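To keep things clear, I will list the structure first and then write my remarks on it.
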Amino acid sequence: MQLPLIALFFAAFAVGTTELIIAGLLPALAADLAVDIPTAGLLISGYAAGVAVGGPFLSLATGRIPRRPLLLGLMAVFILGNVLCALADSYWLLMGARLVIAASHGLFFGLAMVIATGLVPKGREGTAVSLVVAGITFANVVGAPVGTAIGNAWGWHASFWAIAAVGIGATAMLAFFLPRTARNEAPPQSRLGDEIKAVLRPEVLTSYLMITLSMTAFFAFFAYVVPILTTVTGIPTGDVPYLLFASGIGGVFGNLAGGRLGDWRPMPALIGIFAIVLLLDLIFLVAMVDPVATAVTFFLMSLVGFSFAAPVQARILKGAADAPNLASTLISTAFNIGIAAGPWIGGMALNAGWAYSELPWITVGFMVATLAIAVLTFAAEQRRRVAPAGNA
């Protein structure tokens, strides 16, 4: 594996840990900052909103800056933001510091994806993207739990000091290993109109739609997975972290496998992934009454489900290759819309009287829509390829 890609992996790990850490620190934060749990939870929602809204605007404002120094500058903002979080002594100071980090988050991952694809030969873009995404999944498996443990042992401020230290190390690796001559190091001389046209291309728009629908499907279920496992399946609360850890490991390997699939043929790969995930979602509806069947199915859902991320992002970067700044940044926006929508829809269902055991039906419905979009998109693209040959 190339050292620059390893540096991008660790930087993605640091940034991903910052987004995920709040969930584990929520009770301690609420108590220390004298707010209730729902108010403290807005630190998560606010961050997601900052990523979704701030990233695209920052992308347009920095489109002419060479990518390597811009990426290092974003890491400096990331480190400063975490230092401010560590020093915050009030809720609104912490929220403000989180929003500073969130605004750079979306642009960071957009730049990291574009730079990563410039570090590998043509045809290996999916693998490069998967290594960056692996940093996020590794943050979920290792970063967030370890950060939570640090916060529980030494206070939540220590968690942000630790993340800032990891960020310093990742920035040093990027500065040392990231070459100045990568294929995508210099930004294309594209205008705002070119950036918008690239975003509006069918292959880019449909990819955003697939991201948002599939993430809505996953988080409508995953946001409430603990009460599902404990009250429906009957798994003891103390055993739930082991199951979540195993599923996270499955997600890491699934993401790496998805990178190879993306190097092959992204759309057939995505159709196959979505079809298998839909089948596993249907199986889970039956399996969730048995602990062993639930554990196996849940692991496979993560293994296969996370493999879609690299092919769909590689498809966006390829579709907007001539003006990728805005298109790459909007990837995080698409993910965060789904991350926010899934729990909200699941919560509305619960408030309407649905049982936890019925929530996976929401996942099934959104996965049917995702698969339909993928199949229709592939069919339309095939027709467009055949049409010029027929005209000739």
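At a threshold of 8 angstrom on Cα-Cα distance, excluding pairs fewer than six apart, so keeping six or more, what relative contact order does the stretch 28-111 reach in percent?
Working: 70 pairs, mean separation 36.6, N = 84.
Once divided by the residue count of the stretch 28-111, the mean separation gives 44 percent.
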* Taking every eigenvalue of the Cα gyration tensor of the stretch 190-392, multiplying by 5 and rooting it, what semi-axes result, largest first, whole Å? -> 34, 17, 16
* Could you give me the ³J(HN,Hα) list for the stretch 194-206, computed from phi with Karplus coefficients 6.51, -1.76, 1.60 and θ = phi - 60°, whole Hz, x at Gly and Pro? -> 5, 4, 5, 4, 5, 5, 7, 5, x, 5, 7, 4, 5
* Asked: Assigning unit charges at the beta carbon (Lys, Arg +1; Asp, Glu -1) and nothing else, what dipole magnitude in debye, to the nearest 20, does the stretch 131-237 show about its Cα centre?
  -> 160
* Structure fact -> Candidates for log10 I(q)/I(0) by the Debye sum over Cα atoms at q = 0.06, 0.08 Å⁻¹ are (i) -0.31, -0.54; (ii) -0.22, -0.40; (iii) -0.32, -0.49, and the calculated one carries label (ii)
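In debye, nearest 20: dipole of the chain around its Cα centre with unit charges on the Cβ of K, R (+) and D, E (-)?
Working: 18 positive and 16 negative charges, 302 e Å.
Here the size comes out at about 1460 debye.
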* To do: Could you tell me which of 248, 275, 192 has its Cα farthest along the dipole of the stretch 190-392 towards the positive end, charges placed at Cβ (Lys, Arg +1; Asp, Glu -1), taken about the Cα centre?
  => 192
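Dividing the convex hull volume of the alpha carbon atoms of the stretch 299-347 by its residue count, what do you get in Å³ per residue?
On the way: hull volume 3.5 nm³, N = 49.
In the stretch 299-347, the Cα convex hull volume per residue is 71 Å³.
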* **For the stretch 1-187: span of alpha carbons on each principal axis (Å, largest first)** => 52, 32, 24
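Counting only Cα atoms, I'd like the Rg/Rh figure for the stretch 82-186, Kirkwood definition for Rh.
Details: Rg = 16.1 Å, Rh = 15.5 Å.
Ratio of gyration radius to Kirkwood radius for the stretch 82-186: 1.04.
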* Whole-angstrom gap from the stretch 102-162 to the stretch 1-34, using each part's C-alpha centre -> 7
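Take peptides 106-113, 62-69 and line them up by average Cβ neighbours within 10 Å, highest first, as a rough protection proxy. If you can, show how the numbers build up before the last one.
Numbers: 106-113: 27.9, 62-69: 15.9.
Per-residue Cβ counts within 10 Å, averaged per peptide and sorted highest first, yield 106-113, 62-69.
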* Evaluate the relative contact order of the chain (contact order divided by residue number), counting alpha-carbon pairs under 8 angstrom at least 6 apart; express in whole percent. => 26
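Laboratory data are not the source of any read-out in this text; all were calculated from the coordinates shown. Because the structure is a prediction, the values reported are computed rather than measured. Here Cβ is always computed from backbone atoms with ideal geometry, including for glycine, and neighbour counts include all displayed protein chains.
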